[in-house]
Amino acid sequence: MIHAIIQPSKLSDVKQALFDNGLGKMTVYNVSGSSQLTHYPDVHRANDYEPNLMAKVKMEIAVNDDLASKVVDIIKKSAKNDFVESGKIFVYDIEQCIRIRTGEQGPAAI
């Protein structure tokens with residue numbers, strides 16, 4: 001399972017790159033979060049304030065082990081920008097997957 005948290009402006013680039021490589025199954029969420037740049041209070045016009053959460057997009061992509069590194073590379077290349085906050089990619093093992101319609105399990109269900 002690959003979770004990628006990226007800039008909303010890069011979503012169409014990442015989706016297109018995945019589709020171009022035959023990898024079109026994904027779930028996408030609009031999320032908000034803070035990062036290392038927003039953890040520190042700042043002073044603006046002599047008032048302390050805590051920066052707001054930043055808008056992000058979270059993508060979840062379930063792939064078999066043989067495709068995981070390819071998907072990670074595609075996301076890294078297509079989501080990269082010149083900002084410090086380009087995003088993060090997390091890779092997890094999937095304990096079990098079952099396709100509801102057919103009852104398939106394991107790699108065939110993914």
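The values are calculated or read from the model by the stated rules, or taken from the named source; none is laboratory data. Since the structure is predicted, the reported quantities are computational estimates derived from the model, not experimental observations. Every residue, glycine as well, gets a Cβ built from its backbone with ideal geometry; the counts of neighbours run over all protein chains shown. To get the accessible areas, we keep the full protein, side chains included, count just its heavy atoms, and leave off ligands, DNA and RNA. Shrake-Rupley method; radii C 1.70, N 1.55, O 1.52, S 1.80 Å.
Considering region 25-46, the residues that are open to solvent by 50 Å² or more (accessible area, probe 1.4 Å) and at pLDDT 95 or above include one that is farthest from GLU85 (Cα to Cα), namely THR27.
Filter region 63-96 for residues that are open to solvent by 40 Å² or more (accessible area, probe 1.4 Å) and assigned to a loop (DSSP other than H, G, I, E, B) and give the result.
Step one: of region 63-96, the residues open to solvent by 40 Å² or more (accessible area, probe 1.4 Å) are 64-67, 69-70, 73, 76-77, 80, 82-84, 87-96.
The answer is ASN64, LYS80, ASP82, PHE83, VAL84, TYR92, ASP93, ILE94, GLU95, GLN96.
Any residue that is modelled with pLDDT under 95 and either in a strand (DSSP E or B) or open to solvent by 70 Å² or more (accessible area, probe 1.4 Å) (or both) - is there at least one of those in region 10-24? Looking for residues that are modelled with pLDDT under 95 and either in a strand (DSSP E or B) or open to solvent by 70 Å² or more (accessible area, probe 1.4 Å) (or both), one finds none in region 10-24, hence no.
Restricting attention to region 97-110, which residues are in a helix (DSSP H, G or I) and in contact with an Asp or Glu (Cβ under 9 Å, 6 or more places away or on another chain)? Spell out the reasoning first.
The initial filter retains those residues of region 97-110 that are in a helix (DSSP H, G or I), namely 106-108.
Once the filter is applied, which keeps residues that are in a helix (DSSP H, G or I) and in contact with an Asp or Glu (Cβ under 9 Å, 6 or more places away or on another chain), region 97-110 yields only PRO107.
Annotation: of all residues in region 69-109 being small (Gly, Ala, Ser) and over 13 Å from the mean Cα position of the chain (by Cα), the one that is farthest from SER32 (Cα to Cα) is GLY103. Candidates in region 1-28 are the residues that are of a type outside the set (A, V, I, L, M) and under 18 Å from ASP93 (Cα atoms); of these, the one that is nearest to the chain's Cα centre (by Cα) is HIS3.
Of all the residues in region 49-62, those that are open to solvent by less than 70 Å² (accessible area, probe 1.4 Å), part of a strand (DSSP E or B) and over 10 Å from GLN7 (Cβ atoms) number 4.
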